[in-house]
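Have a look at the structure below, then the notes.
Throughout, read-outs are computed from the coordinates displayed, never taken from laboratory work. Note that the coordinates shown come from a computational prediction; the quantities given were computed from them, not determined experimentally. Using ideal geometry, Cβ is built from the backbone for each residue, glycine included, and neighbour counts are taken over all protein chains shown.
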Amino acid sequence: MVSVKNLCKNYGNFQAVSDLSFDVGRGDIVAFLGPNGAGKTTTMRIITGFMAPTSGEVMIDGLDVFEEPKRVKALTGYLPEVPPLYPDLTVFEYLSFVAEIKGLKNNSIKKRVLDVMEATDLLERKDTIIGLLSKGFKQRVGIAQCIVNSPGLIIMDEPTVGLDPVQVVEIRNLIKTLAKKEDRTVILSTHLLAEAEEICEKVIIIHNGKSVAVDTIDNLKQKEVMERSFSVKVLRNSGELIKILEKTDGVLKVNEEKTGILIKTSKDVREDIAEIIVKNGFGLIEMTNNEVSLEDIFIGLVR
Amino acid sequence: MVIGVYLIFSVVMFHFYFLGAKNTSDFTYFFSELNTVALFIIPLLAIRLLSEDKKLGTYELLLTSPVTPWEIVFGKFMGVIVFTMIADTILLVYPVILMFFTTIEWGAVIAGYLGILFSAMLFASIGMLASSLTDNYVVAFLIALLFILMFFFISYFSNSSDSAFSGILREISYSNHYFQFASGLIKIKDILFFIFGSFLFLYISKTVIESGTWK
């Protein structure tokens, strides 16, 4: 659906994006992950046709974004970091305006706008002036505008930033529902890993304008789980246990931490270690699996 | 509110020139002075056209929607023109009122009205260009003022001598062309000046918007 090849964008001497390439398939829900300043917003602005890259190519559904802008833009919906709202219009007026400029036929606009408002739970605010809405509602109007033309591709830049915890959950659920419907492709940028894990299946991790990982979350975790770790808690003789463990086959590293003894292994030797502890009478009281989190992977990649 | 200010100004002008029991229904000076009002008010309206979108973030919405830069420029431009026309049509009340007291040369009134309209077109297109260059209203206003001042310099120098060069300047002099309308004359040459001038500024505005998408 989206194909980015060798994208470069320079602001003067500063290289915001350098040689970025990735593909997103139809129906994928992808998180664009990266620390602040990594080049996520710049890349999104280029994909949506807002600004041209210094070099490189972006194709959406086989069409070049800068050769055929009108056709491409009719297929996409974009929610920038600051939702593009006109504070003097009512929600209904604004969404009707967006529907019109996105090319919807006049006689279908009213129904479509009402449908979208229902899907984003905005009907009760239909005639409220946008300037008077709370941030959470404004964000919802922002989401509504990016789906009003039933786009095949939705691009959202940090859609939950600045919302309170309750609103964050609501918006995430809304995005998940909208994405699943009509087999839409969604690219969502965030620096919140929990958000990426919750909504998306695939991630593209960007750092300093370059991509450092393009994969599904499961695959990424699989690769990192080559090195497993788990921790144990014993009642007695932890020092002795550590010495024994260090000599055990499969154990890479043993650390005593506040939460227990952290054991890094190259293969699953939990059963062996449990047996060792019990045989020696050290008093095994807890064994916890430390799952590799996306956070660890991310930090590992962007440090 | 802006229409209100505009109308108040024109009321003041109207009375200023007709208070002195003139026995003439010569509207020339009326339209000339009205133009000075337009000179400030129209750019003030026009500089918001794109700067506001840049400030609100809706500029992104416009440029990522399937509308061409020309549609954006022209659409907004027409917004200002229609607004001005409504305000100016209300002004036609004055000649209508006078009609009951004296004979009105309607041709002259129509010409003056057209002059205001064309003037508005030119100033609005200048404002549009200024707006396309910045997101700061003050800077946009200053840019627009700069262009308008340029026109006045041209006018000044074109009328100061009779050389061939002055002749050329006279052809691109805003005030000379406008004066024809204010005096009641509708000439093709003057119409073309305004249409061409407006188009030029609008075209440059469109180019400025487009330039972000050139590789």
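Brief remarks on what is shown
- Qualifying residues in the range A:102-114 (those that are part of a loop (DSSP other than H, G, I, E, B) and either in contact with an Asp or Glu (Cβ under 7 Å, 6 or more places away or on another chain) or buried (at least 16 other Cβ atoms within 10 Å of the Cβ) (or both)) - the one farthest from the other protein chains (Cβ to nearest Cβ): A:104
- Whichever residue in the range B:162-206 is among the β-branched types (Val, Ile, Thr) and without any contact (Cβ under 8 Å) to a residue 40 or more places away in the chain and, among such residues, is farthest from residue B:34 (Cα to Cα): B:168
- Condition check for residue A:54: surrounded by fewer than 19 Cβ atoms within 10 Å (Cβ to Cβ), over 21 Å from the mean Cα position of the chain (by Cα) and within 12 Å of chain B (Cβ to nearest Cβ): yes
- Hey, residue B:89 part of a helix (DSSP H, G or I) and surrounded by 20 or more Cβ atoms within 10 Å (Cβ to Cβ) or not: no
- Scanning the range B:89-101 finds one or more residues that are among the hydroxyl-bearing types (Ser, Thr, Tyr) and out of contact with any Pro (no Cβ under 9 Å at 6 or more places or on another chain).
- Of all the residues in the range B:62-93, those that are without any contact (Cβ under 8 Å) to a residue 12 or more places away in the chain and out of contact with any strand residue (DSSP E or B) (no Cβ under 8 Å at 6 or more places or on another chain) number 11.
- Residue count for the range B:189-215, restricted to those that are assigned to a helix (DSSP H, G or I) and within 13 Å of chain A (Cβ to nearest Cβ): 5.
- Residue within the range B:62-80 that is among the small types (Gly, Ala, Ser), assigned to a helix (DSSP H, G or I) and within 14 Å of chain A (Cβ to nearest Cβ) present: yes
- Counting residues in the range B:169-181 that are within 14 Å of another protein chain (Cβ to nearest Cβ), part of a helix (DSSP H, G or I) and acidic (Asp, Glu) gives zero.
- Inter-residue pairs, beta-carbon under 7 Å, first more than 10 Å from every other protein chain (Cβ to nearest Cβ) and farther than 20 Å from residue A:119 by Cβ and in the range A:86-101, second among the hydroxyl-bearing types (Ser, Thr, Tyr) and in a helix (DSSP H, G or I), 6+ apart: none
To keep it simple, each residue is scored yes or no on (1) of a type in the set (D, E, K, R); (2) within 16 Å of residue A:146 (Cβ to Cβ); (3) out of contact with any Lys or Arg (no Cβ under 8 Å at 6 or more places or on another chain).
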site	(1), (2), (3)
A:20	no, no, no
A:38	no, no, yes
A:49	no, yes, no
A:87	no, no, yes
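- Scanning the range A:57-102 for residues being farther than 20 Å from residue A:184 by Cβ and in contact with a strand residue (DSSP E or B) (Cβ under 6 Å, 6 or more places away or on another chain) gives a total of 3.
- Per-region count, the range A:1-60, residues farther than 23 Å from residue A:294 by Cβ and of a type in the set (Asp, Glu): 2
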